[in-house]
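Here is the structure we will look at.
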Amino acid sequence: MELNVFEKLKKNPPLILGVSFACLILVGALLLTLPFASANGKSVGFVNALFTSSSASCVTGLVVANTKETWSFFGKLVILFCIQVGGLGTMTLLCLIYLFLKRRIGLSERIILKEQLNTHTLTGIVRLIRALCLFTLVIEGMGAILLSIRLIPIYGFKLGIGYGVFHSISAFCNAGFDLFGSSLVPFQSDLYVNLIIMALIVVGGLGFQVYIDIYEKRSFKKLSLHSRTVIETSLALIFLGGLAILLLEGSNPATLGNKSFLDKLLMSFFQSVTARTAGYNSIAIEDMTPRASMVMVVLMFIGGSSGSTAGGLKTSTFMVIILTVLASIRGQEDVVWHKRKIGQGTIRMAFVMFFICVFLVLMTTFLLVVFEDGKNSFDLFYEAVSAFATVGLTRNITSGLSTASKLVISLTMFLGRVGPTTVALGLGRRSKKQRIHYAEGNIYIG
């Protein structure tokens, strides 16, 4: 019976992905529950440990307690491990273990890896894993060295290197965990630190497939339609988001109002970058105006790119939806982008993904409003979007959430990281190809 269940599970890659992430979260929670994982030697309790493990494994960054002050060295190592594995993907770690033990990676494992990396072919999947891990190691290593150069004079040699490594991994994996105590607020005017963190976030959020494509093609014009869409959409969102925050928040004395123009520019674009699922902040999020906060909500909801460490709807999905809407308004039958027709299957999946994401955010918001009677509804909505898109930004309400709300947010982070459609496909059963064709009927729209 057990063997039969296992065989069925092996034939369901989306479900295996979900189960593997759930196992990582549970292991992280059990380790963080241990007394010596806390700085004061007392257990933080299972719910708080589960929330923290979920946030780290799902590379979100929402925390119920200050990371620097709450956790011991062991606790911080557990969090960093969850961030790294959660960023790369649980099945990637399994693949590395197989390679280390010189075990053959079978067809079932390759199919699961294909699902996790969001690729369209099994060809060269192991080579891609090796390249992914090497790329991650190089980028995180470079980030750690560059950050350590700035942090060692401030915190000393050991702490400076430790902080450099931690924040490089956290930024590249778009996790948003920090050891400074108040995110990047102490470095809000530090161009050097801001640019390094922003670069790590952007690189981690573009997707590994894009870098493989860049490496192989060496020319923007020769890149695949997906790569060009991701790069163009990401740059447009960063620029438009930064400009909008600068214009809408620039006169707010609680955040940017009293800063120099160059500082305003730096902080605005940093928030535009970090809203795309990274979770760091260099200004107080709760003090931002509602209009600028709505810009942040839109950026958070869109998120990063497919196959990356980022969450959210995804840039490519967002662009397909926009292009489809524009084509419909213009009365065009085909959706064309860069002289390429976008398939109906892709369009259908984009709208399915959009609907599921909106539904998940609304359901999370509804439950938070029910459980957190008296709290500001917009703050709860902001928290729901941040959790779903695995961002980690908060209007300073996370630590005050009830046990029920913490569990809801933990589940939302899990669904946001694994992917709502992946979970739906894993739990559901794909129907056989339809053989009966029915007569067409009309439903009036609008």
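What about residue 231, is it part of a helix (DSSP H, G or I), modelled with pLDDT under 95, under 25 Å from residue 86 (Cα atoms) and over 19 Å from the mean Cα position of the chain (by Cα)?
For residue 231, the condition - part of a helix (DSSP H, G or I), modelled with pLDDT under 95, under 25 Å from residue 86 (Cα atoms) and over 19 Å from the mean Cα position of the chain (by Cα) - is not met.
I'd like to verify a number: residues in region 1-41 that are at pLDDT 75 or above, small (Gly, Ala, Ser) and open to solvent by less than 20 Å² (accessible area, probe 1.4 Å), how many?
Here the count works out to 4.
I'd like the full set of residues that are free of Cβ contacts under 8 Å to residues at least 60 places away in the same chain and of a type in the set (Val, Ile, Thr), limited to region 255-297.
255, 289, 295
Please state which one of 262, 225, 179, 206 is open to solvent by 60 Å² or more (accessible area, probe 1.4 Å) and of a type in the set (A, V, I, L, M).
Result: 262 is the single residue among 262, 225, 179, 206 that is open to solvent by 60 Å² or more (accessible area, probe 1.4 Å) and of a type in the set (A, V, I, L, M).
Could you tell me which residue of region 323-347 is nearest to residue 313 (Cα to Cα), considering only residues that are open to solvent by less than 70 Å² (accessible area, probe 1.4 Å) and among the small types (Gly, Ala, Ser)?
That would be 345.
Just a yes or no: is a residue in region 351-365 touching a Lys or Arg at 6+ places or on another chain (Cβ under 9 Å), in contact (Cβ under 8 Å) with a residue 24 or more places away in the chain and either charged (D, E, K, R) or open to solvent by less than 50 Å² (accessible area, probe 1.4 Å) (or both)?
Yes, region 351-365 contains a residue that is touching a Lys or Arg at 6+ places or on another chain (Cβ under 9 Å), in contact (Cβ under 8 Å) with a residue 24 or more places away in the chain and either charged (D, E, K, R) or open to solvent by less than 50 Å² (accessible area, probe 1.4 Å) (or both).
Any idea which residue in region 42-55 is farthest from residue 82 (Cα to Cα), counting only those that are of a type in the set (Gly, Ala, Ser) and open to solvent by less than 40 Å² (accessible area, probe 1.4 Å)?
45
Show the residue pairs that are 6+ apart or on different chains and have beta-carbon atoms under 6 Å apart, the first residue being within region 209-220 and under 20 Å from residue 304 (Cα atoms), the second being of a type outside the set (Phe, Trp, Tyr) and buried (at least 18 other Cβ atoms within 10 Å of the Cβ).
Correct list of pairs: 209/307; 210/227; 210/230; 213/223; 213/227.
The values are calculated or read from the model by the stated rules, or taken from the named source; none is laboratory data. Computed from a predicted model, the values in this text were never measured in an experiment. In this analysis, Cβ positions are derived from the backbone assuming ideal geometry, glycine residues included, and neighbour counts consider all displayed protein chains. For the accessible areas, the whole protein counts, side chains as well, though only heavy atoms, and no ligand, DNA or RNA atoms are used. Shrake-Rupley method; radii C 1.70, N 1.55, O 1.52, S 1.80 Å.
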